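Here is the structure we will look at.
The values are calculated or read from the model by the stated rules, or taken from the named source; none is laboratory data. Please read all numbers here as calculations on a predicted model, not as lab measurements. So basically every Cβ, Gly included, is an ideal-geometry build from the backbone, and we count neighbours across all protein chains shown. The protein model used for the area step is the full one, side chains on, heavy atoms only, and it has no ligands, DNA or RNA in it. Shrake-Rupley method; radii C 1.70, N 1.55, O 1.52, S 1.80 Å.
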Amino acid sequence: MKESARIMHNRLFRLDLFWALSRTRHGVLDMATPVLGALLWLGEFPSLSIMGIGLITVFAGYTAVYALNDVIDYPTDRQKVRLEGVDVSGDYLDAGVVRHPLAQGLLSLKAGIAWVAAWGALALTGAYLLNPVCVVIFLAGCMLETAYCLLLKVSYLRTFLSGGVKACGSIAAVFAVDPHPSALFLGTLFFWLFFWEIGGQNIPNDWTDAEVDRSLNAKTIPVRFGSRWSSRAIAVSLLTTFVLSGILFYVSPLSFGLPTMAGLSMVAGAAILYPAVRLWWTQDKADAMALFNKGSYYPLGVLALVVVKLASG
């Protein structure tokens, strides 16, 4: 009996390692962006079949792409582990049981590749069923993610690729519910997520890794320009995000009243604007991590406002 329990525990722990490889806690939060994009454009809840296929596809896509990041970054992450030692998740959202289980030798590279391939195949299948255009967008996102990883020691401009990757899921979701969406809406949605990713996710994340990245000769904005300039880039990006959120709601077919717009401002203030101001003031690594963590909930907060709007009619 004890042996069976031990075996089951080991299997569950191994599965947890795979979820950690895909940063599933963060991936589930990111699922809010494609759902939000689809609802904002469609102006109503889609059919149950579209919702079912869509949610499975989105989960599979984020699970595959986040794991792809660690597979491509495997050599570099091994160097980081040697420099930093074993890294537990702690207060860092972008990890599960451990951070970088491949690099720590807790999962084999072969197992990681198989995990990416399996979830990628499921995502491609779902994307094709929704709209073949979604397949192209998903593959483009994978290519951008690969290029982003490979450019770590080449150019800090790779941060712009991260913005494109994060917007791909939401753009694909719009095409999943409407094959002919508005170019204005798509452009606004893209740049809203683009600037949120850069200011609320990418630069703060690189800030927390700046010391080890400097040792690895990595090219990131915090390494290249320092904390003061990085905090300015974050502030500009997130202020742009806030402005674009208002434009996005305006160009949506939905009609939003003053309470919803006030809620939109409150969500932005709590999740991205106040943490960005605090980081500007303190220049502290802990506040960079806090911005990353809180900023990760920003799309979910905006999605909640839209769901309430749709549910209330």
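Values for this structure:
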| item | result |
| --- | --- |
| For the chain: accessible area per residue (Å², 1.4 Å) | 46 |
| Estimated D of segment 221-310 in µm² per second, where Rh is the Kirkwood radius over Cα pairs and Stokes-Einstein applies at 4 °C, 1.567 mPa s | 93 |
| Sulfur and carbon atoms: percent of accessible area, the chain [1.4 Å] | 69 |
| Calculated from backbone phi, Karplus (6.51, -1.76, 1.60) coupling profile of segment 236-245 in Hz, x at Gly/Pro | 5, 4, 6, 5, 5, 4, 4, 4, 5, 5 |
| Ranked by how many other beta carbons lie within 10 Å on average, peptides 287-294, 240-247, 193-200 from highest | 193-200, 287-294, 240-247 |
| Ranking by accessible area, most exposed first, for H26, H100 with a 1.4 Å probe | H100, H26 |
| Mean ellipticity per residue at 222 nm, deg cm²/dmol - from DSSP H runs of n ≥ 4 across the chain, formula -39500 (n - 2.57) | -25000 deg cm²/dmol |
| Quarter of the Cα convex hull surface for segment 97-245, i.e. its orientation-mean projected area (nm²) | 10.2 |
| Percent RCO, i.e. relative contact order, over the chain, from Cα pairs under 8 Å lying at least 6 residues apart | 22 |
| Calculated from backbone phi, Karplus (6.51, -1.76, 1.60) coupling profile of segment 223-232 in Hz, x at Gly/Pro | 5, 6, 10, x, 5, 4, 5, 4, 5, 5 |
| Over segment 262-313: Kirkwood hydrodynamic radius from C-alpha pairwise inverse distances, Å | 11.6 |
| Ranked packing of 55-64, 182-191, 157-166, most packed first, by mean Cβ within 10 Å | 55-64, 157-166, 182-191 |
| Largest-first principal axis extents of the Cα set of the chain (Å) | 54, 50, 39 |
